[in-house]
Amino acid sequence: MIVQVRNLVKNYTLSSGKTLKALELDHLEVKRGELVGLLGKSGSGKTTLLRILRGAERFDEGEVVIDGIRLTPESTRGDFRSVMERTAIHLQRSFGLWSEKVVENVIRALAYPRLGEEVLPDWDEVLYEELHEEAMKFLEIVNLKHKAECWAEILSGGEKQRLILARQLAKKPSILLLDEFGTMTCPETRKKAIETIKRVNQELGMTVLFSSHMPEIHRELATRVVLLDRGKIVDEGDAEEMISKFLKELEPPIMKRRRIGGEVVRLENVRKRYYVVPGGQTLDMKNVSFSIRRGEIVGFIGRSGSGKTVLARLISGLELPDEGVVMLRPERKWVDFSKFGKKSVEVRRKIGVLHQEFALPFWAKVSELMAYKIRIKRESAVQEAMKRAEELGMSESLFDAIYRLTDLPKEEAEIRLRRLGLPYGIIKELFPESSEDLSAIYPLLERMNLPAEILERQSHELSGGEAVRLGIALASITKPKILILDEPFGDIDPVTLRKVANFLKEMNHRDRTTMIVVSHQHDLVKEIADRIFLVEDGRVQEV
């Protein structure tokens, strides 16, 4: 057996002082060369188990044997390091990459066993040539060879996940651990990723343990599925049998009830072009024109890197078109959202956004995140912020530029503020802390299948699926007129996803919220959307 787990217990002490039992496993064994899937609801312990098997997480009781190395709670740092040298992991929603060419990200991973660290050899060294040739083979495996000379940061979310997979394969581990590895890729790319994992398993004899919320990945990939619930193994066996058992809790979908009004979003002859050196042109969207009506749920689908996220960011005002206009009308009057000013600020207040690469501040308390989101969308708070901005000598356009950044992840907001010559603290100066009414949060948490006590946790104490559901809750807590969700569903298990889908349909009918959903989960898009647009080769067309 390459993996043996006995009487494993893992507890987390929360910031509130409470103890959360994440894992309590009596026994688990994995044979060398097996492909084992972990299935369970968000928060069932899948990611924690993978991190322990990686050697990246200590535990409280029991023992784990990985490729002949025995770990216990008393094991030394060296023991855990030895396990890490034999394993590689692709973490859930991980986008940690070097700000360099795609191929150089893989070269660094290949250099680690030889040089002891991820050092990039000088380009004129023989070692660089050797590693470059090998790196290209791994990029071909994950279908990224054509992006080898592009900068990693300009890749789409799905492409970044494939690059991370290439880096893990380059480490040639005995055990490959994959945490929701196919969640943010299109069906075509996901199929290729599954084929890649199968080929690696068969040709290299590599043992693979993976977690996935997607039944189809378990059907295609797993030789055996382990079903987890609340940190315990409740069953294991054939993929189809375990999937059937897991989906028994699936609630039925509610019917869509259409209340469609006039146009609220309009794009007219929009062009957006990205040109990166090295790598050349990566995207050229041109002559994009379409409209969305009040109360519609509109889905955008397409291959990874086709421009879906760019389109969502254009509509949300976080990217500006090179040509054409983006018009929004959340209330009565049309506003050119590609222009900065007071009118755009008022539109921004009525928009909710969840980004593909969203990240919650690590130490932030969930209740504080909710209060912050309510505060920056509250009309009186925005008016007070504009007065403070005026006192600081800011123009309305500059205030609008800053206000748009409140819908961005902190890291990206900081980068954009630096370009404006401003510190991140300017947002807190314009929107100082104040007490907010949080009473509307509790029914929202219930519909997101989140416990009320989660408000007392810090964001790093959430599972991946809990964090995503919280992100959706944050985007919708202020009852926006327009809600934009970019790849929000990949980390959510089918049982919880149905609850979220039903919540979105209820919110849409009750509040006539216009929703724009970008997703690779085609079945989900078909279930909730009134219309679907395909984004392909810079074109957008209704299907």
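The values are calculated or read from the model by the stated rules, or taken from the named source; none is laboratory data. Treat the numbers as computed from the prediction; the structure is a model and nothing was measured. Please note: Cβ atoms are built from the backbone with ideal geometry, for glycine as well, and neighbour counts cover all protein chains shown.
A few points about this structure:
- Among the residues making up the range 137-156, those that are of a type outside the set (A, V, I, L, M, F, W, C), within 23 Å of residue 308 (Cβ to Cβ) and touching a residue at least 12 places away in the same chain (Cβ under 8 Å) are 143, 147, 153, 156.
- In the range 323-334, the residues that are surrounded by fewer than 18 Cβ atoms within 10 Å (Cβ to Cβ) form Cβ pairs under 8 Å with partners that are small (Gly, Ala, Ser), at six or more places apart or across chains, as follows: 325/338.
- Identity of the residue in the range 108-136, touching a helix residue (DSSP H, G or I) at 6+ places or on another chain (Cβ under 7 Å) and within 29 Å of residue 464 (Cβ to Cβ), that ends up surrounded by the fewest Cβ atoms within 10 Å (Cβ to Cβ): 118
- Residue among 509, 522 that alone is more than 26 Å from residue 288 (Cβ to Cβ), of a type outside the set (Lys, Arg) and either modelled with pLDDT under 90 or surrounded by fewer than 19 Cβ atoms within 10 Å (Cβ to Cβ) (or both): 509
- Any pair with Cβ under 7 angstrom, 6 or more apart, that starts in the range 521-537 at a residue that is touching a residue at least 40 places away in the same chain (Cβ under 8 Å) and ends at one that is assigned to a helix (DSSP H, G or I) and not aromatic (Phe, Trp, Tyr): 522/187; 527/501; 528/501; 528/504; 528/505; 532/525; 535/308; 535/311
- Filter result (closer than 16 Å to residue 403 by Cα, surrounded by fewer than 19 Cβ atoms within 10 Å (Cβ to Cβ) and hydroxyl-bearing (Ser, Thr, Tyr)) within the range 351-386: 380
- Listed by position, the strands (runs of 3 or more DSSP E) contained in the range 207-255 that have at least 2 residues being within 26 Å of the chain's Cα centre (by Cα) and not charged (D, E, K, R) are 207-211, 224-229.
- Residue identified as within 30 Å of residue 486 (Cα to Cα) and assigned to a helix (DSSP H, G or I) among 38, 49: 49
- Near pairs, Cβ below 8 angstrom, 6+ apart or cross-chain, from the range 185-208 (in contact (Cβ under 8 Å) with a residue 24 or more places away in the chain and closer than 19 Å to residue 2 by Cα) to any residue that is of a type in the set (D, E, K, R) and buried (at least 17 other Cβ atoms within 10 Å of the Cβ): 207/34; 208/34
- Residue among 83, 106 that is in contact with a Gly (Cβ under 8 Å, 6 or more places away or on another chain) and at pLDDT 90 or above: 83
- Residue in the range 280-302 that is assigned by TED's automatic domain parsing to the domain that holds residue 509 and closer than 25 Å to residue 395 by Cβ present: no
- Sole residue being closer than 18 Å to residue 141 by Cβ and at pLDDT 85 or above, chosen from 193, 170: 170
- Screening residue 128 against (1) free of Cβ contacts under 8 Å to residues at least 24 places away in the same chain; (2) under 26 Å from residue 194 (Cα atoms) leaves a single unmet condition, (2).
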